[in-house]
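One structure is given below, encoded as structure tokens.
The values are calculated or read from the model by the stated rules, or taken from the named source; none is laboratory data. Source: prediction; values computed, not measured. All Cβ positions, even for glycine, are placed from backbone atoms using ideal geometry, and neighbour counts span all protein chains on display.
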């Protein structure tokens, strides 16, 4: 039989029997990646953060059978948990299903010490940086804007990798000499004072006027500067 005739018969069979199909076969890596992408696309993305998804490996002894239809995924509606189970199914005439464990880790940006910071040291681009931290490890408020804390000093020693928090730094620290700015719509007066408490930007602290001895409650305006709006 000539090659032309063989090809003609093959094309005739394909056209005449379109319902005949060859089942698709997937390897373990494909199914694991399919599950990972499904979870990623069907869970909420944290604002300014990211998701890290780890899928358990399929036991290499498990034989994944071919499937005539597209495989589908299902997972619990409550995806706020860190650990979930996802089901991958084949729903054709010979159905099968497999369950995979998955861990969802939400990471959010936060300022951390990129090197050890000694007590009293000034924070700058050489010792602080932005990093993504697992959300479950964070307690309280995080800081993300380096420019707001450049020039601040460490209240205590901060280990490498530790979060930078308002409690661990001060733009003005207790005992610092500060400039007191008393400001109104018509005039501005400046004088010197001594900080009696520590604070960060826009926080109120106690300051003693160096000349009058009066105790004031101005707001932190900048490094070594406080302001009173009259």
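Assess whether residue 158 counts as being farther than 13 Å from residue 224 by Cα, touching a helix residue (DSSP H, G or I) at 6+ places or on another chain (Cβ under 8 Å) and modelled with pLDDT of 90 or more. Yes. The residues of the range 14-40 that are at pLDDT 75 or above, under 15 Å from residue 71 (Cβ atoms) and either within 27 Å of the chain's Cα centre (by Cα) or not in a loop (DSSP other than H, G, I, E, B) (or both), listed by number, are 28, 29, 30, 31, 32, 33, 34, 35, 36, 37, 38, 39.
Has the range 215-222 got at least one residue that is assigned to a strand (DSSP E or B) and closer than 14 Å to residue 112 by Cβ? First the steps, then the outcome.
Of the residues in the range 215-222, the ones assigned to a strand (DSSP E or B) are 215-216, 219-222.
Now drop any that are not closer than 14 Å to residue 112 by Cβ, which leaves none.
No, every residue in the range 215-222 fails to be assigned to a strand (DSSP E or B) and closer than 14 Å to residue 112 by Cβ.
Residues considered: 122, 144. Of these, the only one that is under 30 Å from residue 197 (Cα atoms) and touching a residue at least 60 places away in the same chain (Cβ under 8 Å) is 144.
Among the strands (runs of 3 or more DSSP E) confined to the range 101-195, the ones with at least 2 residues that are under 23 Å from residue 220 (Cα atoms) are located at 177-183, 188-195. Looking at 87, 57, just one residue is within 32 Å of the chain's Cα centre (by Cα), exposed (fewer than 12 other Cβ atoms within 10 Å of the Cβ), at pLDDT 85 or above and over 30 Å from residue 144 (Cβ atoms), and that residue is 57.
The rows are residues; the columns are (1) under 22 Å from the mean Cα position of the chain (by Cα); (2) surrounded by 14 or more Cβ atoms within 10 Å (Cβ to Cβ); (3) under 19 Å from residue 157 (Cα atoms); (4) not assigned by TED's automatic domain parsing to the domain that holds residue 153.
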position	(1), (2), (3), (4)
98	no, yes, no, yes
112	yes, yes, yes, no
117	no, yes, yes, no
120	no, no, yes, no
123	no, yes, yes, no
127	yes, yes, yes, no
133	yes, yes, no, no
137	yes, no, no, no
140	yes, no, no, no
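Test residue 194 against the criterion of being in the same structural domain as residue 124 (by TED's automatic domain parsing) and surrounded by 14 or more Cβ atoms within 10 Å (Cβ to Cβ), and give yes or no. No, not satisfied.
Just one of the listed residues (111, 130) is under 26 Å from residue 40 (Cα atoms) and free of Cβ contacts under 8 Å to residues at least 24 places away in the same chain, namely 130.
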